1. I need the phi-derived Karplus couplings for segment 593-602: 6.51 cos²θ - 1.76 cosθ + 1.60, θ = phi - 60°, integer Hz, Gly and Pro marked x.
2. Could you go through segment 513-527 in sequence order and give the Karplus-derived ³J(HN,Hα) for each residue, using 6.51 cos²θ - 1.76 cosθ + 1.60 with θ = phi - 60°, rounded to whole Hz, and x for Gly and Pro?
3. Could you tell me whether segment 515-621 comes out rounded, prolate or oblate from its Cα gyration tensor? Rule is a ≥ b ≥ c as square roots of the eigenvalues, rounded for a/c under 1.5, then prolate if a/b exceeds b/c, otherwise oblate.
4. Give the residue from LEU457, GLY550, GLY534 lying farthest towards the positive end of the charge dipole for segment 447-550; charges sit on Cβ (+1 for Lys and Arg, -1 for Asp and Glu) and the dipole is referred to the Cα centre.
5. Run the numbers on segment 33-94 and let me know its relative contact order in percent, using alpha-carbon pairs under 8 Å that are six or more apart.
6. Taking the simple approach of a point 7 Å from Cα along Cα-to-Cβ for both ASN151 and ASP47, what is their distance in nm?
7. Could you tell me whether segment 200-315 comes out rounded, prolate or oblate from its Cα gyration tensor? Rule is a ≥ b ≥ c as square roots of the eigenvalues, rounded for a/c under 1.5, then prolate if a/b exceeds b/c, otherwise oblate.
8. Just to be sure I understand: of the beta bridges DSSP finds with both ends in the chain, what percent are antiparallel, rounded to 5?
Amino acid sequence: MDALNHQSSRDTELLLQGGYAVQTPLQQFLEACHEEFAVNQSGNLADYIPELARVDPSGFGIAIATIDGHVYEVGDSRVPFTIQSVSKAFVFALALELLGEDRVEAAIGVEPSGEAFNSIRLTSDNKPFNPMVNAGAIACSGLIYRVEGKNAFERIRQSLCAFAGRDLDVDESVFESERATGNRNRAIAWLLHNYAVVENHVDDVLDAYFRQCAVLVTARDLAVMAGTLANRGINPITGKQVIKPHVVARVLSVMTSSGMYDYAGEWIYRVGIPAKSGVGGGIVAALPAQIGLGTYSPRLDSHGNSVRGLEVCKAISSRFDLHVLNRNADVRTCVMSDYDISSVSSRRSRQPHEQQILEDRHDDVRVLELVGALNFAAIDYITRRLAGTQSKASLLVLDFRRVPDLTMAGSRLLASTIKTLGGLGITVILSGVEATSNLISTVVSLTGDDRKPRHFLLLDDAIEWAEDQIIYRFGGFSVVKETSHLKEQALLADLTEAEIEAITSLATARHYKPGQQIVKAGEIANSVFFLQSGMVSIKLPSGVRLASLGPGKEFGEMAMIERTRSADVWADTDVQCLELPIDALTGHGALYPAVSLRILKNLSAVIARRLIQANAKIDVLSAY
Ligand code: GLU
């Protein structure tokens, strides 16, 4: 196809907004497809449901929902039409959720039938072949009826609404039209009743089924519904988990093998995206972890598939190489950085003797920052990387904050690695994960209580904890110093006792309780603090910790350069410090310029040291 060579006026006329072209290549491509295929008028409207023969045959809409929640739309993407068989995939999902796999699978098979959608044939053990043919779909509605009774249709409608992310209505005239004429489906339902696949209330089950087929959707709705399947059951627009991930895999499987009537084999061979079509002219196609596609054009080919919809799907798949079996991935990109604490330490500033221990034992703590969805192959790579390197680290931090998903296979491999490493005396710490996350509960339950990994929300907290273990192991905490003399302050280095005393006399002693705020971001910065005892944390208003400081450290020193506080400072413990007003310091500097110059030089040295450390961090974090 040569859709891309067709330049519509909207393609070339790029809309400019803030200097950027807002029409993306995918939007251009969809518009070109629409223009190219709109001229194709082959195929016929379904007419075995009389009301369907009355729709406008020229309607043509395309929509794509991305899993991050953007919807592309072209043409009649908001024109309502009846969902028909497209509903089967979603109602099957609901049946699996409501009744569980065992009960559903006992009633309905998952084999392609190779026959038309309305075939009356059952398998040799008298089950519908699969939930994508009418017999299977009516059986699904029957199963839901068993649980919900007269509320069955409303439950189905609500589920379709959750997939679409909006309220959906029923086309009553199409429903009545099918109810009046759908004798073949009636025959199928009674046959299923004969084999106890559909229990009682056959007419009510049929009504629920006919109504579900008459639900009104648009191409945009179908894209969002498919996007929900592509997004492991989470609607990309509403963010709601509509069905469980393992149900998604079941639904996509039957869509792959049986979703496109008796064209299913060709479809998966040529297009390669799990899909379902309906005689109302709709097609949904869900490409896992990438996009959901919805098309509408009511002229159907001899298999019952939308002619133009098929063309659009073929074009998108071949143009962007979207066949689901044609995947590749470089698992090595899942390790974003791998370092020890000589390059990136925690933000807790340490006493000199503690710092010395951490410098000597820097390779005792190793950090791997991981990125991307981690599957079986990715975690296998990580475990080989851990096994293959000559690391001396006894504490291993695995950071998951950029990991949106860990598969069950990945969790299993990770849990057994944690156990094996535990046996070797290596402690694994997980960071970047909520204590309540699925990742934690799965890995912890697979690891077992004895080797349960420690976990932290923030990587910085995990590194700090690991550093504490090293300091503790090598005796650092036994000599913790409680208070500090002013001559240990970096800002006052190289001043004489007398000079320090003169400065001290300008300062006011302050005392803060644990949890008390000392400095607030945005306030006027008019003093510098010398911490004498206790711990403080410097945080951004967002709560991110920039540093934790102990006795002998200064804070608020940027007041000497900047007139506004750039961060908050909180007392972590009982804190004693001296607060020195900048004005007093300036006045003093006018009298004693040499002292003032020395303090400014010291400030430059403090800032230069921080810059050197920050550069080292940036270097190691961007080295991959
Ligand atoms: N309501 C239609 C039927 O059961 C749906 C068929 C379809 O879309 O394939 O005949």
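The values are calculated or read from the model by the stated rules, or taken from the named source; none is laboratory data. Just so we're clear, the structure is a prediction, and the values are computed from it rather than from any experiment. Counting neighbours? That spans all protein chains shown, and the Cβs are built from the backbone with ideal geometry, glycine included. Accessible surface areas use protein heavy atoms only, side chains included; no ligands, DNA or RNA. Shrake-Rupley method; radii C 1.70, N 1.55, O 1.52, S 1.80 Å.
1. Per residue, the Karplus-derived 3J(HN,Hα) values read x, 5, 5, 4, 4, 4, 4, 5, 4, 4 Hz.
2. After applying 6.51 cos²θ - 1.76 cosθ + 1.60, I find 8, x, x, 7, 8, 9, 9, 10, 4, x, 6, 5, 9, 10, 7 Hz.
3. Here segment 515-621 falls in the oblate category.
4. Highest projection toward the positive end goes to LEU457.
5. It comes to 24 percent, rounded to a whole number.
6. Those two pseudo-labels are separated by 4.3 nm.
7. Here segment 200-315 falls in the rounded category.
8. About 80 percent, rounded to the nearest 5.
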